[in-house]
1. Largest first and in whole Å, give the semi-axes of the chain's equivalent ellipsoid, each being the square root of 5 times a Cα gyration tensor eigenvalue.
2. Rounded to the nearest 500, what is the 222 nm mean residue ellipticity of the chain from helices alone, with -39500 (n - 2.57) per DSSP H run of 4+ residues and division by all residues?
3. Assigning unit charges at the beta carbon (Lys, Arg +1; Asp, Glu -1) and nothing else, what dipole magnitude in debye, to the nearest 20, does the chain show about its Cα centre?
4. At 1.4 Å probe size, with the rest of the protein present, what percent of the exposed accessible area of the chain is carbon and sulfur atoms?
5. Using only Cα atoms, find the angle between the long axis of helix 47-60 and the longest principal axis of the chain, and express it within 0 to 90 degrees, rounded to the nearest 10.
6. Taking θ as phi - 60°, what are the ³J(HN,Hα) couplings along the stretch 76-83 by the Karplus curve (6.51, -1.76, 1.60), each to the nearest whole Hz, with x for Gly and Pro?
7. Using amide H atoms built 1.01 Å from N in the peptide plane, name the residues 5+ places from Glu21, or on other chains, whose amide H lies under 5 Å from its own.
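The values are calculated or read from the model by the stated rules, or taken from the named source; none is laboratory data. This one's a predicted model, so the numbers in the text were calculated from it and none came from an experiment. So basically every Cβ, Gly included, is an ideal-geometry build from the backbone, and we count neighbours across all protein chains shown. Only protein heavy atoms, including side chains, enter the accessible area calculation; ligands, DNA and RNA are left aside. Shrake-Rupley method; radii C 1.70, N 1.55, O 1.52, S 1.80 Å.
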Amino acid sequence: MKTCEHLQTMAVTYAELCQGEDPWIALGNFMNDWFDYATSPLLEEDPIRQKNLHERLVKQTPEPFTRRNIYCGNRMFANKYELAEQFQLLQRRSA
C-alpha cells in the first residue's frame, strides 16, 4: 500500500501484478487512489497555471460554447481521421 505522497498509478499497479500481487489488491489500490484520493493536494495545480489555462480556453473556444459557459478550446470537433489526413498532407509538403 502506498502513502499519501505516492499515488497508486497504473504503472505501479502493473508492476505489482508482474511481481505476483493479487489482482484484486493491486487494482483495488489503484481504484481507491483514482476515485477517493484524486482530490489530494498532490494533484492540485498551481493557481497561475490554472489561470493561464482558463484564459487560453476562453480565448480559443467558439462563441456558441462560451455563450453557455462551456470552455473547451477549439479542438473539440477534431477527429482522428481528419487529423491523420492533415498530418499526411504536411508530411508530403515537407518531403
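1. Details: eigenvalues 270, 113, 32 Å².
Each semi-axis is √(5λ); the values are 37, 24, 13 Å.
2. On the way: 5 runs with 55 residues, N = 95.
Estimated from H runs of four or more residues: -17500 deg cm²/dmol.
3. Values: 11 positive and 13 negative charges, 180 e Å.
For the chain, the charge dipole is close to 860 debye.
4. Working: 4900 of 8380 Å².
That fraction is 58 percent.
5. 40
6. Each residue's phi maps through the Karplus curve to give 5, 9, 5, 10, 5, 6, 5, 5 Hz.
7. Counting only residues 5 or more places away or on other chains, the set is empty.
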